[in-house]
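Structure first, then comments.
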Amino acid sequence: MASGHVNRIKRPNTWLHRPMLQNVKKVLANTEPSTHGTFQTCPVSQMMSAFEGKADMPSRPSHFLLLTQNGHRDGPVVRPFSLAAPSQSAMLGHCTTVFFGGHMRRREFVTLICGAVAAWPLDARAQQAAMPVIGFLNLSTARPFMEAALRQGLSETGYVEGQTVRTEFLWADGHTDRLRAFAADLVRRRVNVIVAGGTPAALAARDASATVPVVFEMAGDPVKLGLVASLNRPGRNITGVTQLSSELVSKRLGLLHDLVPAAMMIGFLVNPADPRTESQMAEMQEAVLALGLQIRILNASTEAEIDTVVASLSELRLGALVVGTGDLFSRNSERLAALIAQQRTPAIYQYREYAAAGGLISYGASLTDSYRQVGVYTGRVLKGEKPADLPITRATRFELVINLKAARALGLSIPPGVLAIADEVIE
């Protein structure tokens with residue numbers, strides 16, 4: 001057979017055959033022949049050379065097993081292949097080795113191979129590109145329950161992880177510079193949607209791109225933070241779910257006052273570097289005035305400062321403590337709850353995680369439900385809706401969690417009225 005014969009085979013897109021064959025030869029040139037059971041194996045590049053006039057196929061195959069990559073992380077997959085099912089020929093696009101046996105004419109095999117290689121860039125790659133990719137950003141350390149909740153929301157819109165959508169979870173472990181680098185990388189790789197967990201992640205995503213759709217989950221006010229034009233009409237490439245946690249500061253103070261009515265001096269732990277702190281402090285000032293209490297602001301913007309401030313609680317003689325909103329505090333929830341418990345200071349926190357870690361009481365939005373809502377919104381964006389047209393959703397489920405073990409350690413008796421409204425009581 002002449003080396004140019006491949007170009008004369010009458011099939012669609014025949015002009016692609018020669019470049020594709022050359023490309024396959026380059027990619028697979030280092031594949032070594034081997035044996036596998038009763039099948040003889042041969043690199044695809046060696047087959048191509050054989051059909052350009054250098055040799056006949058050793059066993060003139062008609063049935064094959066294709067060792068493919070298929071674009072998955074799981075590695076090679078062995079797939080059956082037969083001349084009787086030529087529609088499977090696109091699988092050769094990801095072929096690294098062919099196992100063959102049986103008999104057929106060389107011209108038939110050449111036709112099959114060429115059709116498969118020509119179809120590769122038009123079919124197989126298109127299928128790979130069809131699966132959308134979501135980039136997830138969060139300043140904190142990995143929290144599996146958030147990942148599970150996001151996937152639950154996606155499934156409610158018809159997207160199944162690994163089947164119809166792929167999500168890359170990027171946790172910055174408290175490093176703001178790493179978070180910004182993650183955001184820039186996601187934009188460079190053109191993910192379909194960025195899910196931003198928390199205010200720092202939302203700000204990083206906003207700064208990274210004005211076009212890539214962003215769906216956030218946060219405790220702050222996205223309007224005051226400059227993320228969106230309004231709650232009803234975001235007007236940009238950004239939408240999401242907000243807890244508006246600053247509005248819950250007065251509610252938390254009221255609950256704490258019910259538990260410790262004799263406490264007149266209340267500490268308020270905040271992170272001055274957090275963009276939500278100013279609004280939280282304004283809300284707290286109004287709340288203490290309404291209850292006739294006094295407040296002492298405690299600042300901590302690093303983990304070391306948290307240790308120092310909490311160690312001074314007993315010396316400050318505070319009657320109780322409100323822990324403010326912030327990624328610094330939430331990613332150190334277990335440690336913070338344990339340190340405050342050692343100081344025997346009654347405290348109220350934002351999320352259930354604190355109470356589960358030994359804190360006295362928590363009141364705030366359910367993060368599990370909020371991230372489920374984010375998953376639903378992300379699915380809607382993947383289906384073609386524009387973030388600018390999706391109103392900012394407010395958290396709808398709030399949790400009051402009381403830790404009775406912590407209450408007993410502090411010598412506190414929880415009022416029946418407070419117990420009655422608790423969503424969860426940890427014994």
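The values are calculated or read from the model by the stated rules, or taken from the named source; none is laboratory data. On a predicted model such as this, the values are computed, not experimentally measured, just so you know. Using ideal geometry, Cβ is built from the backbone for each residue, glycine included, and neighbour counts are taken over all protein chains shown.
Can you name the residue in segment 117-165 that is part of a helix (DSSP H, G or I) and basic (K, R) and is also modelled with the highest pLDDT among such residues? Lay out the reasoning, then the answer.
Taking segment 117-165 first, the residues part of a helix (DSSP H, G or I) are 117-130, 144-156.
Those left that are additionally basic (K, R): 125, 151.
Working: R125: 45, R151: 98.
Among them, the one singled out is R151.
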By residue number, the members of segment 383-403 that are in contact with an Asp or Glu (Cβ under 6 Å, 6 or more places away or on another chain) and assigned to a strand (DSSP E or B) are E399, L400, V401
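Mind telling me which of the residues L289, L298 ends up being of a type in the set (A, V, I, L, M) and either assigned to a strand (DSSP E or B) or within 19 Å of A406 (Cβ to Cβ) (or both)? Explain how you work it out, then say what you get.
Details: L289 fails: either assigned to a strand (DSSP E or B) or within 19 Å of A406 (Cβ to Cβ) (or both).
Within the list L289, L298, the selection yields L298.
Quick check: is even one residue across segment 401-422 closer than 22 Å to E217 by Cβ and in contact with a Ser or Thr (Cβ under 7 Å, 6 or more places away or on another chain)?
The first filter runs over segment 401-422 and keeps only residues closer than 22 Å to E217 by Cβ, leaving 401.
From what's left, in contact with a Ser or Thr (Cβ under 7 Å, 6 or more places away or on another chain): 401.
Checked segment 401-422: at least one residue is closer than 22 Å to E217 by Cβ and in contact with a Ser or Thr (Cβ under 7 Å, 6 or more places away or on another chain).
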Within segment 301-324, residues being in a helix (DSSP H, G or I) and touching a Ser or Thr at 6+ places or on another chain (Cβ under 8 Å) number 2
Filter segment 329-368 for residues that are under 22 Å from P275 (Cβ atoms) and part of a loop (DSSP other than H, G, I, E, B); the one that is nearest to the chain's Cα centre (by Cα) is R331
All-but-one check, L248 against (1) at pLDDT 95 or above; (2) part of a helix (DSSP H, G or I), failing number (1)
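In the list E315, E334, E278, E305, which residue meets the criterion of being acidic (D, E) and modelled with pLDDT of 95 or more? Spell out how you get there, then give the answer.
Numbers: E315 fails: modelled with pLDDT of 95 or more; E334 fails: modelled with pLDDT of 95 or more; E278 fails: modelled with pLDDT of 95 or more.
The conditions single out E305.
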